[in-house]
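Everything below concerns the one structure shown next.
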Amino acid sequence: MVEVPITIACGNYDRTRAILDGRVKVEGCAVTYLPLYPEEIFHRAFKFQEFDVSELSFSSYIRTVAAGTSPYIGIPAFVSRIFRHSGIYIRKDAGIRTPADLRGKRIGLPEYQITAVVWMRGMMQHEYGVAPSEIHWRSGGQEEPGRSERTPLKPIKGLDLQPIGPDQTLVGMLRKGELDALFTARAPSSFVNGEPHIARLFPDTRAAEKAYYKKTGLFPIMHLVGIRKTLVERYPWLPTSVYKAFCEAKALAMVDLRDVNALMVTLPWLEAETAETMAVMGRDFWKYGIQENMPEIEALTGYAYEQGLIERKVGLEELFARSTFEISKI
């Protein structure tokens, strides 16, 4: 049988590693797996469509679907998800003690459209009553100057969103007091290095995130997997084959988390951590599937619309390959 050659660009995650190392095969395909960082994958996927199968920013993908320009169709393998209370950083002298104190402040973000900050703004608005229009947003490179939105962004009515200077960085501006806070997915170097001016808005992020989950039931989705539409047209079986492989790889990773014979992750109390997470979120705490993640999908698409990132709401049938709505079971 002649296998279809495909290139998969995705992070080097435990939940995808079995595809990378060949333990899990994509039926009917010969796979070249490129383990890249998300920023590079998204830049190359959205601007140049370089990959047959690609990890995608969910919010940017929603935007291209709403605009009718997406070269990819999604499958509900949500390879990146994380609570985002930990991604809000403040200057200690900016007078910010609670989310309400963010009103009127100058807040930097790498891009207005990245999924992490869409969730953060949605959380601020729906949990704490702070609307995006009440904040002065400044966008640009966090550590390096020159970053811009990965997909074109039209002006949003009533929103103060301005790019920083071509030689400026968000980290540098926060250090100088030219910004009051940062909303970002990647920990700023100044925080990692322990610089005294910077702290998290939620110091006990674990407690805040557990409380958020218990109240809302939401485990925020960051990234999904997309397949080039032209390939799907040629090989209609491809979305199911790719989705099955990602599900199988994740299942193997979940088994490894409970293996106490020889720890698969460099954490001494890995099994206890896993058990505690399951006690809060259930045994399948990292769910794939459309119906299984309907609350998160509806929340994110709703936030994108509320925040002016899309001009119309998008439907599930636009976001995901039809064959992944119902997978056969034995």
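Working only within region 170-190, note down all residues that are buried (at least 22 other Cβ atoms within 10 Å of the Cβ) and either touching a residue at least 40 places away in the same chain (Cβ under 8 Å) or hydroxyl-bearing (S, T, Y) (or both).
Residues of region 170-190 that are buried (at least 22 other Cβ atoms within 10 Å of the Cβ), as a first pass: 170-171, 174, 179-185.
Those that are buried (at least 22 other Cβ atoms within 10 Å of the Cβ) and either touching a residue at least 40 places away in the same chain (Cβ under 8 Å) or hydroxyl-bearing (S, T, Y) (or both): L170, L174, L179, D180, A181, L182, F183, T184, A185.
Taking H43 as meeting all but one of (1) open to solvent by 10 Å² or more (accessible area, probe 1.4 Å); (2) modelled with pLDDT of 95 or more; (3) of a type outside the set (G, A, S), write down the number of the exception. H43 satisfies all of (1) open to solvent by 10 Å² or more (accessible area, probe 1.4 Å); (2) modelled with pLDDT of 95 or more; (3) of a type outside the set (G, A, S) except (2). Checking region 123-144 against the condition returns no match, with no residue being at pLDDT below 95 and closer than 29 Å to I62 by Cβ.
Table: residues versus (1) in contact with a helix residue (DSSP H, G or I) (Cβ under 9 Å, 6 or more places away or on another chain); (2) under 23 Å from V225 (Cβ atoms).
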| position | (1), (2) |
| --- | --- |
| P268 | no, no |
| A275 | no, no |
| G282 | no, yes |
| K287 | yes, yes |
| Q291 | no, yes |
| I297 | yes, yes |
| L300 | yes, yes |
| E306 | yes, no |
| R322 | yes, yes |
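Scanning region 170-181 for residues that are under 22 Å from the mean Cα position of the chain (by Cα) and not in a helix (DSSP H, G or I) returns a single hit, A181.
Every listed requirement among (1) part of a loop (DSSP other than H, G, I, E, B); (2) crowded, with 24+ Cβ neighbours inside 10 Å is met by W119 save one, (1). Q162 fulfils the conditions (1) at pLDDT 95 or above; (2) of a type outside the set (F, W, Y); (3) buried (at least 16 other Cβ atoms within 10 Å of the Cβ) except for a single criterion, (3).
Of all residues in region 191-206 being open to solvent by 50 Å² or more (accessible area, probe 1.4 Å) and assigned to a helix (DSSP H, G or I), which is farthest from G146 (Cα to Cα)? Reasoning before the result, please.
Going through region 191-206, the residues open to solvent by 50 Å² or more (accessible area, probe 1.4 Å) turn out to be 191-194, 196, 200, 203-204, 206.
Going one step further and asking which of them are assigned to a helix (DSSP H, G or I), we end up with 191-192, 206.
Values: F191: 21, V192: 22, R206: 33 Å.
By that ranking, first place goes to R206.
The values are calculated or read from the model by the stated rules, or taken from the named source; none is laboratory data. Bear in mind that the values here come from a model prediction, so they are computed numbers and not experimental data. A quick note on method: Cβ atoms are made from the backbone with ideal geometry, for glycine too, and the neighbour counts reach across all protein chains shown. Ligands, DNA and RNA are stripped out before the accessible areas are found, and what is left, the full protein with its side chains, is counted by its heavy atoms. Shrake-Rupley method; radii C 1.70, N 1.55, O 1.52, S 1.80 Å.
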